[in-house]
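These notes are about the structure you will find just below.
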Amino acid sequence: MSPPPLPPPDPIDPPPPAMEAVLPAAVVATILSRLDVRSLLLAAAACRGLRTCASHALAFLPAFHLLEVALKHDMLRPLLPPNPNLCSLRLDCAKLEDAAISCLARPSLHELLLLNCENISGRLLSELGTTCRDLRVLSLNSLGERRGLVVNFSDLQELLNGCSQLESLRLALDFSTFDNPNFGHVWSSASERLSSLEIGYIPMTMLLELLTAVVESKLSMDYVKPPVFFPSLQKLCLTVDFITDHLIGSISAALPSLTHLDLQDAPIIEPTSSSDLTNAGLQQINPHGKLKHISLMRSQEFLMTSFRRVNDLGILLMADKCSNLESVCLGGFSRVTDTGFRAIIHSCSGLHKLRVSHGSHLTDLVFHDIIATSLCLTHVSLRWCKLLTDVGIQRLSFNKDLNVLDLRDCRSLGDDAVRALSCLPKLQTLSLDGTDISDQALKYLGLGACPLTSLSLRGCRKLTNDCIPLLLAGSVKHSLQVLDISRIPSVTDDGIMLLARTRTPLIELRMRENPKIGDSSVMALASMQVDGGTYGSTLQLLDLYDCGGITPLATRWFKKPYFPRLRWLGITGSLNRVMVEALSRSRPFLHMASRGEELGTTMLWEASSDWYRHNDDDLDELEQWLLDGEPVSDDDAIMEE
């Protein structure tokens, strides 16, 4: 009897069709061209076909915005191939040097925003003037700050001569490096379209020289057409040695079209009567009635001082001439009382933003009859106003459109103030640092109507672990993205474990200088999953600086796959230098801060707001694509030891 026939072999499943066979390359290219840079790079990490299409799409992108990570030149260069369509470029340049200038200065650019340019010299300015003739918006900060780098007057001259289409110029750097006899007159070659000018710091002598040149050009009777300075300028932001009456008068005379004036000083010596702002100087503000925003701030960075020669009379006279103001920021007006501040609120019917810092005489009376105003305040900051109590905040809460409220270091505020604020339907950002609130205040917020996205409780010493579940018991759990619980002695690892159990999708968490926070908190956060994502998946910023219970063991929890989205980490550098350095090498896109510096920047997070909408799986494909699978096993071995 013959054996039964063998069963036919199992058919081998055919390989899945290549992506090109399913979607035409033109369709894929069209889809990829509509993605932002980060999404495009994430798509490139998915498969070889998408990688090829993404590399091709990079040559046609109209905008390249990548502020989340700082790339070295060798990584950035392949991402920025020749591209005649590139109009907007935004980058963090912390790891770039002069070799990258040719990669940054492109003829097609209309907008260029570069952060952390401390390793790039002034040659960038001259190259932009030579190459970027159609540039409309330019924003640079920290240019040439590294020792040994040079920023010359000729660099500024080349920029102003070449970029004849500039509409907005922001140079956040020290202008004393441009000191030159021709400094004032070189600005006559600046773009006639320039409507916004922001300067980091400019010595008073150089600024007055510039303003004098502007005024003289207006008064010139020569038959030869005089140079034209700033015919379209509407916004001016400066930091100077001293804000004085003479400076205010010169600005008002030279720039009559201003709608936005922002001045700040930081005296290193006590101003004299001739080098200070007085009531007479305030009367010279807004002679043409065009101002919409005014900011006069005296910093106490170097000296505890204020505008001692300004009182209520000066503010009353200014308010009378500035009734069209929509935004007012006043800092360091120590002799102004409720009478002056109240005059601003009641005179400016369209006032949306109010900021007062170091208002040592501001009390609840400033809001006593606020119901008689238009109640259109949306942004309010009252820092270091120590006489303000719950009663004043209860009246301020009549402004139902409040969106941002900063009450830091208002030490007389308590739970009743927060109870009033908890009913505001549009309040998203709330800062209560150093106030006298207790856990009960957090219960009010948790049960309230506020769609809070950012809450700062730094230094609220009455709070305990119980405040965390009380805060996150209601809808705040779903909206909160930024939380600061630093310098609260009673918050312990148990509180952070409660936070982890709520699975609140936080993006930023600060808990620095808490003596009872330790390794258990790091492990709890590393193990937290949100909506089925990976461990610690949503946190982009974590500040653990000087937390008393952190040991070298904690650094092991920052290895992949934990905290895959983390971009900023604050930790004590002396914890274990070898392990901290190994962590820095194994995660090259992680900003490590080990000296107590504050993490993150407003500009960075605002500019990258789209980042929040990404919910990617396990490993960070962006880093994977950029590193192209480079091994980091040596550092991993150090971390394991």
Within region 551-575, can you find the residues that are open to solvent by less than 20 Å² (accessible area, probe 1.4 Å) and closer than 14 Å to Met511 by Cβ?
Ala554, Leu569, Gly570, Ile571
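Out of everything in region 106-161 that is polar (S, T, N, Q) and in contact with a strand residue (DSSP E or B) (Cβ under 8 Å, 6 or more places away or on another chain), what residue ends up being nearest to Phe64 (Cα to Cα)?
In the first step, residues of region 106-161 are kept if they are polar (S, T, N, Q); the result is 108, 116, 119, 121, 126, 130-131, 139, 141-142, 152, 154, 157, 161.
Narrowing the set further to residues that are in contact with a strand residue (DSSP E or B) (Cβ under 8 Å, 6 or more places away or on another chain) leaves 116, 139, 141-142.
On the way: Asn116: 17, Ser139: 15, Asn141: 19, Ser142: 21 Å.
The residue in question is Ser139.
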When you scan region 582-596, do you find a residue that is open to solvent by 10 Å² or more (accessible area, probe 1.4 Å), modelled with pLDDT of 85 or more and over 29 Å from His73 (Cβ atoms), even just one?
yes
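Quick one: which of Arg411, Arg419 is closer than 29 Å to Ile370 by Cβ, of a type outside the set (Asp, Glu), open to solvent by 20 Å² or more (accessible area, probe 1.4 Å) and assigned to a helix (DSSP H, G or I)?
Values: Arg411 fails: assigned to a helix (DSSP H, G or I).
From the options Arg411, Arg419, the qualifying one is Arg419.
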Please report, ordered by residue number, the helices (runs of 4 or more DSSP H) entirely within region 474-548 with at least 3 residues that are without any contact (Cβ under 8 Å) to a residue 60 or more places away in the chain and buried (at least 20 other Cβ atoms within 10 Å of the Cβ).
493-502, 519-527
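Looking at the structure I just gave you, is Phe563 in contact (Cβ under 8 Å) with a residue 24 or more places away in the chain and on the phi > 0 side of the Ramachandran plot? Break it down into steps so the answer makes sense when it comes.
Details: in contact (Cβ under 8 Å) with a residue 24 or more places away in the chain: yes; on the phi > 0 side of the Ramachandran plot: yes.
Yes; evaluated as a whole, the condition is true for this residue.
Identify, from the list Ile251, Ile294, Ile268, the residue that is part of a loop (DSSP other than H, G, I, E, B), in the same structural domain as Ser334 (by the TED database) and β-branched (Val, Ile, Thr).
Matching residue, one of Ile251, Ile294, Ile268: Ile268.
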For Cys460, are the conditions met, namely being modelled with pLDDT of 95 or more, surrounded by fewer than 17 Cβ atoms within 10 Å (Cβ to Cβ) and either within 26 Å of the chain's Cα centre (by Cα) or in a loop (DSSP other than H, G, I, E, B) (or both)?
no
Could you tell me which numbered condition Asp616 fails, if it satisfies all but one of (1) open to solvent by 60 Å² or more (accessible area, probe 1.4 Å); (2) at pLDDT below 75; (3) not in a helix (DSSP H, G or I)?
(1)
Count, please, the residues in region 335-364 that happen to be surrounded by fewer than 18 Cβ atoms within 10 Å (Cβ to Cβ) and within 12 Å of Leu313 (Cα to Cα).
2
Can you run down the residue pairs with Cβ atoms below 6 Å, 6 or more apart or on separate chains, where the first is in region 75-89 and within 16 Å of Ala99 (Cβ to Cβ) and the partner is at pLDDT 95 or above and not in a loop (DSSP other than H, G, I, E, B)?
Arg77/Cys103; Leu80/Cys103
Aromatic (Phe, Trp, Tyr), touching a residue at least 24 places away in the same chain (Cβ under 8 Å), open to solvent by 50 Å² or more (accessible area, probe 1.4 Å) and outside the structural domain of Asp174 (by the TED database) - does that describe any residue in region 298-308?
yes
Which of the residues belonging to region 289-305 are closer than 21 Å to Cys348 by Cβ and out of contact with any Pro (no Cβ under 8 Å at 6 or more places or on another chain)?
Gly289, Leu291, Lys292, His293, Ile294, Ser295, Leu296, Met297
Of everything in region 374-408, what is surrounded by 17 or more Cβ atoms within 10 Å (Cβ to Cβ) and of a type in the set (Phe, Trp, Tyr)? Give them in sequence order.
Trp384
Can you work out which of the residues in region 51-88 that are in a helix (DSSP H, G or I) and touching a Cys at 6+ places or on another chain (Cβ under 8 Å) is surrounded by the most Cβ atoms within 10 Å (Cβ to Cβ)?
Leu76
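Among the listed residues Leu112, Leu159, Leu169, which satisfies the condition of being under 24 Å from Leu211 (Cβ atoms) and within 23 Å of the chain's Cα centre (by Cα)? First the steps, then the outcome.
On the way: Leu112 fails: under 24 Å from Leu211 (Cβ atoms); Leu159 fails: within 23 Å of the chain's Cα centre (by Cα).
Just one listed residue meets the conditions, Leu169.
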Which residue pairs have Cβ atoms under 7 Å apart, sit 6 or more places apart or on different chains, and have a first residue in region 101-121 that is at positive phi and a second that is part of a loop (DSSP other than H, G, I, E, B) and not aromatic (Phe, Trp, Tyr)?
Asn116/Cys93; Asn116/Ala94; Asn116/Ser142
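The values are calculated or read from the model by the stated rules, or taken from the named source; none is laboratory data. This one's a predicted model, so the numbers in the text were calculated from it and none came from an experiment. Because the Cβ atoms are built from the backbone with ideal geometry, glycine has one as well, and the counts that use them run over all protein chains shown. Side chains included, ligands, DNA and RNA excluded: accessible areas come from the protein's heavy atoms. Shrake-Rupley method; radii C 1.70, N 1.55, O 1.52, S 1.80 Å.
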